[in-house]
Amino acid sequence: MPTAFITGITGQDGAYLARFLLARGYVVHGGMRRVSQPRLARLERLGIADRVHLHECDLLDLASIQRVLRDLRPDELYNLAAQSHVATSWEVPSLTARVNALAVGDILETLRLFSPETRFYQASTSEMFGNAGGALDESAPLRPRSPYGAAKAHAHHLTVNYRESWGMHLSSGILFNHESPLRGEEFVTRKITRGLARIAHGAGGPVLLGNLDARRDWGFAGDHVAAMWQMLQRDRGGDYVVATGVATSVRDFARLAAGALGFTPETLGEGLDETAVDRKTGRCLWRVTPGLFRPAEIDRLCGDAARARRDLGWTPATGIEALADMMARADHDALA
Ligand code: NAP
Ligand code: GDD
């Protein structure tokens, strides 16, 4: 049976990818960092917590990376661990660089020395493109606008360099935003669906939001993890944009989620005074707060996944309406 090692297995993508690989007969190992309370909630929610093999592996600790990889020598390694919150990366730029960039060098060098046949996936991101605009493919220039994006660009270049220098099977998946009911609660989609679900249950005030005009190419995480695996099944590694090709504003995502819960949002005011009120009940659903704007924003991210479609046969199955509906209902049901 093939073996896979997933760093960041306790995260959103780690949980979906572990389930995907288990369904294909893999023995799945995962790396976890030591925390006072093990964070297995996502693996438990997918019913796979007792089917994966967990190892102590903190990306800030080279010895733990080396120990796990020398012992396992997995067929496939998916590097999903990261400080993944863009806004937080301005607060902890050094930590973000160490986990998201420097640790990737440690992993690649460990593979080169001890397990060069392992196929490797690096979780790269559309955030590396910055404010380029248009439909972005693999040839778009990298102009990151956050410490997070800069660190991920470093890791992406390292992955490409190791592939070209040493002929190893290394892939970089340039994934656009992908969400799910397992999404961290501080990301905007989940913050919205959770907040609106609470209002629908008669609890909680309006959702406080920053830039409602930002547009993102939001897909479903369960669709996107399939592309990660497909990259590693090719004869050689490569770089692939994974995206739906549809960009939606934060405001429109909030409207879709509100509609899924039976609200009819009406916008009042504009700019920093903008709020949305439910037409039937008059309840305030969300409002803008200046403190949630970022030091530098990416106005719009939209991907062109033609290469992934052509070479991997990958296409997303879930559109933005179905995604908003899935997430809003999941949060609503969880509070019932
Ligand atoms: P996530 O839910 O935030 O999960 C991040 C994972 O990294 C968690 O398991 C976390 O462990 C782990 N981690 C953080 N620091 C670590 C460290 N020092 N050592 C070991 N593990 C550590 O992120 P995600 O949404 O699943 O994203 C997966 C990857 O794809 C990330 O690299 C992200 O940057 C990238 N990406 C995500 C998207 C997206 O839209 N979701 C798009 C493009 C790229 P704890 O449970 O202990 O916190
Ligand atoms: N988090 C958050 N909270 N974002 C808000 C809010 C808010 O209250 N209000 C507006 N936004 C806007 C942000 O300014 C941004 O333009 C957009 O909503 C999306 O923010 P996030 O959901 O935090 O995601 P992200 O695009 O910054 O980063 C995610 O996608 C990247 C891929 O493009 C993360 O998953 C990254 O790890 C990933 O690489």
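Among the residues that make up region 157-174, is at least one of them within 11 Å of ligand 2 (Cβ to nearest atom), polar (S, T, N, Q) and open to solvent by less than 60 Å² (accessible area, probe 1.4 Å)? Within region 157-174, not a single residue is within 11 Å of ligand 2 (Cβ to nearest atom), polar (S, T, N, Q) and open to solvent by less than 60 Å² (accessible area, probe 1.4 Å).
The set of residues in region 268-298 that are open to solvent by less than 40 Å² (accessible area, probe 1.4 Å) and among the charged types (D, E, K, R) comprises Glu274, Asp278, Glu297. Being buried (at least 21 other Cβ atoms within 10 Å of the Cβ) and in a helix (DSSP H, G or I) is a condition met by at least one residue of region 259-267.
Determine whether Pro116 is touching a Pro at 6+ places or on another chain (Cβ under 8 Å), away from ligand 2 (no atom under 12 Å from the Cβ) and not hydroxyl-bearing (Ser, Thr, Tyr). The answer is no for Pro116.
Just one of the numbered conditions (1) over 28 Å from the mean Cα position of the chain (by Cα); (2) under 20 Å from Ala305 (Cβ atoms); (3) hydroxyl-bearing (Ser, Thr, Tyr) is not true of Thr264: (2). The listed residues are Ala81, Ala97, Ala101, and the only one of them that is in contact (Cβ under 8 Å) with a residue 60 or more places away in the chain and either open to solvent by 10 Å² or more (accessible area, probe 1.4 Å) or over 26 Å from Ala23 (Cβ atoms) (or both) turns out to be Ala81.
Within region 22-35, the set of residues being surrounded by fewer than 24 Cβ atoms within 10 Å (Cβ to Cβ) and either within 16 Å of ligand 2 (Cβ to nearest atom) or not in a loop (DSSP other than H, G, I, E, B) (or both) comprises Leu22, Ala23, Val27, His29, Met32.
Scanning region 125-146 for residues that are buried (at least 16 other Cβ atoms within 10 Å of the Cβ) and hydroxyl-bearing (Ser, Thr, Tyr) yields Thr125, Ser126, Ser146. With respect to the conditions (1) more than 16 Å from ligand 1 (Cβ to nearest atom); (2) of a type in the set (A, V, I, L, M); (3) outside the structural domain of Gly291 (by TED's automatic domain parsing), Leu175 lacks only one, and its number is (1). If you scan region 158-177, which residues turn out to be part of a strand (DSSP E or B) and of a type in the set (S, T, N, Q)? Ser171, Ser172 - these are the residues of region 158-177 that are part of a strand (DSSP E or B) and of a type in the set (S, T, N, Q).
The values are calculated or read from the model by the stated rules, or taken from the named source; none is laboratory data. All values derive from a computational prediction rather than experimental measurement. As a convention, Cβ positions derive from the backbone with ideal geometry for all residues, glycine included, and neighbour counts pool all protein chains shown. Please note that ligands, DNA and RNA were not included when accessible areas were found on the heavy atoms of the full protein model with its side chains. Shrake-Rupley method; radii C 1.70, N 1.55, O 1.52, S 1.80 Å.
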